[in-house]
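What follows draws every value from the coordinates through simple rules; no lab data is involved. From a predicted model like this one, the values you see are computed outputs, not experimental measurements. FYI the Cβ positions are ideal-geometry reconstructions off the backbone, even for glycines, and counts take in every protein chain you see.
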Amino acid sequence: EDKVVQSPLSLVVHEGDTVTLNCSYEVTNFRSLLWYKQEKKAPTFLFMLTSSGIEKKSGRLSSILDKKELFSILNITATQTGDSAVYLCATNSGGYQKVTFGTGTKLQVIP
Amino acid sequence: DTAVSQTPKYLVTQMGNDKSIKCEQNLGHDTMYWYKQDSKKFLKIMFSYNNKELIINETVPNRFSPKSPDKAHLNLHINSLELGDSAVYFCASSQGAGTGNQPQHFGDGTRLSIL
């Protein structure tokens with residue numbers, strides 16, 4: 001069975017800190033790995049990674065994939081209170097976009 | 001304009017009742033999904049439809065029946081509701097199910113509470 005594991009489960013940091021969220025996976029017919037941010041309602045898409053070693057960046061957020069070691073990290077620099085959310089990692093695998101989500105990392109940024 | 005919209009946003013009902021949740025997307029996507037998110041925020045896929053055809057059907061009780069009248073709509077009907085069905089149900093859509101390389105866009109969820 002496909003598995004996606006995120007760590008840590010929760011994290012509390014101060015504004016301005018840098019955080020690294022981890023995601024490891026074991027899936028059959030891996031196609032891509034995605035990161036989402038979930039605040040109160042719908043998960044919103046952050047990144048999709050398909051190739052190893054190529055960093056994707058959006059403002060203070062960046063992510064990279066290692067397909068050999070089967071993991072990805074999401075970095076957030078200079079954290080702000082607005083970054084407080086649950087960050088979800090997911091994999092697309094198999095034929096028709098079988099999506100498997102991890103349990104999420106709950107990030108709380110305090111002033 | 002809302003891209004993926006679900007109704008209702010909240011649903012409170014008693015055990016044993018039958019209820020439906022509706023989902024519509026205006027993104028022109030060809031694939032739609034239903035997910036269940038439990039109290040620990042774990043998001044698990046239930047069903048996926050591509051051009052009105054069922055393509056993913058995870059291990060879900062047959063009390064849950066999805067229906068896709070067209071590729072912009074995917075509804076979820078639940079019979080004989082049980083306490084364990086309490087959760088947030090998310091609808092999502094994406095383009096090109098066969099490539100496996102498209103992000104999904106989520107609705108805001110329907111919070112179902114069973115009394």
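Details
- Average partner coverage of B:86-92, which counts Cβ from other chains inside 10 Å: 1
- Only lysine pairs 8 or more places apart, or on different chains, with alpha-carbon atoms under 17 angstrom apart are counted in region A:3-110, and they number 9.
- If the chain linking B:GLN14 and B:GLN95 were pulled fully straight, counting 0.36 nm for each residue of separation and taking away their Cα-Cα distance, it would gain 25.5 nm.
- Per-residue HN-Hα couplings for region A:58-73 [Karplus 6.51, -1.76, 1.60; θ = phi - 60°; Hz; x = Gly/Pro]: 8, x, 8, 9, 8, 8, 9, 10, 10, 7, 7, 8, 6, 8, 9, 10
- Taking every residue in A:80-89 and counting other chain Cβ atoms within 10 Å of its Cβ, the average works out to 1.
- Partner chain coverage, peptide B:48-61 - average Cβ within 10 angstrom: 1
- If you take the Cα centroid of region B:41-98 and the Cα centroid of region A:4-83, the two points sit 26 Å apart.
- Put a plus charge on the Cβ of each Lys and Arg, a minus charge on the Cβ of each Asp and Glu, and nothing anywhere else: the dipole of chain A about its Cα centre is then about 300 debye.
- Database remark: amide H of A:LEU65 closer than 5 angstrom to the amide H of A:GLY53, A:ILE54 (H placed geometrically; neighbours at sequence offset of 5 or more, or on other chains; Pro and chain starts carry no H).
- Taken about its Cα centre, the protein assembly as shown carries a charge dipole of about 120 debye when Lys and Arg each add +1 at the Cβ and Asp and Glu each add -1 at the Cβ.
- Efficiency of FRET between B:ASP70 and A:LYS40 - r from beta-carbon atoms, R0 41 angstrom, step 0.05: 0.85
- Between B:SER39 and A:SER62, the modelled label-to-label distance comes to 4.1 nm, taking each label 7 Å out from Cα in the direction of the beta carbon.
- Within the shell of other residues whose beta carbon sits under 10 angstrom from the beta carbon of B:PRO8, the net charge comes to +4, with Lys and Arg scored +1 and Asp and Glu -1.
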